[in-house]
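Down below is the structure, laid out as structure tokens.
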Amino acid sequence: MPSALFDEVQSLATEQRNEASMRMDEMSAREILELINREDAKVAEGVRVEIPHIEVVVNELVERFKLGGRLIYVGAGTSGRMGIVDAAECPPTFGTDPTMVQAIIAGGQKAVFQAQEGAEDRPQNGAKEIERIGVIARDLVIGIAASKRTPFVLGALERAFELGAFTVLLTTNPRESVRYDYLKETICPVVGPEVLMGSTRMKSAVAQKMVLTMITTTAMVRLGKVFENMMVDLQLTNKKLEERARRIVMIATGCDYDKATELLVSTAGHVKTAIVMQIGNLSKPEAQEKLNAADGFVRRALTFT
């Protein structure tokens, strides 16, 4: 007789068969690739429908960041790795402290590189991880679970809710199937059955990646880490980023390569200060004062010059 878990899993939207790929094992490589591409094209629409819910999360997150709160991702398997990728990219892109956006994955660091499948089955371990990193009321915790039922993730969300954090579940199952009273918000891009039944490393992972980068990018824009459409709080941690910073200063101010280099040297690589100095014809202390008065927004600081 089938178990309760079997019945639960077989009912999930992410576990259904995709009618378009029923004969995939008979297709040529080109036909399979075109099939996957057609299915992937459906993901953006699934995410678009969820924008009102993503907006709620972004607005909450910005206010919590201003209070010194953190964004914590929690996931298992592919979902956990999506959180790790986004968290890892925030410091070099936006100059954030590594503690500002963090990620927890079931099974720990080993699970990033090698599947630790049984690790996701223990809700108590998710709760312990939330306690270990000291989640408090001003934090925002996003659980990432394509299936909406991953025990590790749900255990973490429930404990975070008890500690007063703003809790969110990102899943690719329909909202009406999500019934947990410890969630403040849900983001549910429905992307349809996977080309390969149950393989949520495909469309579900694409949707997760899209949503997470939307959340962090929009929040960072709202925190003043972008001028026009350029990242101006990037960390110059490698040669490519050093050259990108020079180009940003050149585009923003109209100066040449040598002047951009001079400005970045004088500001210890702080792109915002370099831009305000050049456009406003200001000294470094004057530019820093304008930026501080503008809460770090370059455009706003330039109106004070």
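Among the residues of the stretch 120-138, those that are touching a helix residue (DSSP H, G or I) at 6+ places or on another chain (Cβ under 7 Å) and part of a loop (DSSP other than H, G, I, E, B) comprise 122, 135, 138. Write out, first by first residue and then by second, each pair whose Cβ atoms fall under 8 Å of each other, whose residues are 6+ apart or on separate chains, and whose first residue, in the stretch 161-179, is closer than 13 Å to residue 149 by Cα while the second is basic (Lys, Arg) and buried (at least 23 other Cβ atoms within 10 Å of the Cβ). Every condition considered, the pairs that remain are 169/148; 171/148; 172/203; 173/148; 177/148; 178/148. Checking each residue in the stretch 180-208 for being hydroxyl-bearing (Ser, Thr, Tyr) and either assigned to a loop (DSSP other than H, G, I, E, B) or free of Cβ contacts under 8 Å to residues at least 60 places away in the same chain (or both) picks out 180, 182, 199, 200. Taking the criterion of being among the hydroxyl-bearing types (Ser, Thr, Tyr) and touching a residue at least 40 places away in the same chain (Cβ under 8 Å), the residues of the stretch 12-48 that qualify are 14, 21. Being touching a Lys or Arg at 6+ places or on another chain (Cβ under 6 Å) and either of a type in the set (Gly, Ala, Ser) or modelled with pLDDT of 95 or more (or both) is the filter; apply it to the stretch 44-90 and report the residue that is surrounded by the most Cβ atoms within 10 Å (Cβ to Cβ). Here the answer is 82. Among the residues of the stretch 214-235, are any surrounded by fewer than 16 Cβ atoms within 10 Å (Cβ to Cβ), farther than 30 Å from residue 137 by Cβ and either charged (D, E, K, R) or in contact with a Leu (Cβ under 9 Å, 6 or more places away or on another chain) (or both)? Among the residues of the stretch 214-235, at least one is surrounded by fewer than 16 Cβ atoms within 10 Å (Cβ to Cβ), farther than 30 Å from residue 137 by Cβ and either charged (D, E, K, R) or in contact with a Leu (Cβ under 9 Å, 6 or more places away or on another chain) (or both), which makes the answer yes.
Picking from residues in the stretch 251-289 that are hydroxyl-bearing (Ser, Thr, Tyr) and surrounded by 14 or more Cβ atoms within 10 Å (Cβ to Cβ), the one that is nearest to residue 240 (Cα to Cα) is 261. State whether the residues of the stretch 49-66 include one that is without any contact (Cβ under 8 Å) to a residue 24 or more places away in the chain and either among the β-branched types (Val, Ile, Thr) or outside the structural domain of residue 139 (by TED's automatic domain parsing) (or both). Looking for residues that are without any contact (Cβ under 8 Å) to a residue 24 or more places away in the chain and either among the β-branched types (Val, Ile, Thr) or outside the structural domain of residue 139 (by TED's automatic domain parsing) (or both), one finds at least one in the stretch 49-66, hence yes. Looking only at the stretch 148-167, which residues are part of a loop (DSSP other than H, G, I, E, B) and buried (at least 22 other Cβ atoms within 10 Å of the Cβ)? The answer is 148, 150, 165. Answer yes or no as to whether residue 200 is buried (at least 20 other Cβ atoms within 10 Å of the Cβ) and of a type in the set (Val, Ile, Thr). So residue 200 fits the description; yes. Answer with yes or no whether residue 230 is outside the structural domain of residue 40 (by TED's automatic domain parsing), farther than 30 Å from residue 42 by Cα and modelled with pLDDT of 95 or more. When the stated conditions are applied, residue 230 does not pass them.
The values are calculated or read from the model by the stated rules, or taken from the named source; none is laboratory data. Everything numeric in this text was worked out from a predicted model, so none of it was measured. No Cβ is skipped: glycine too gets one built from the backbone with ideal geometry, and neighbour counts run over all protein chains shown.
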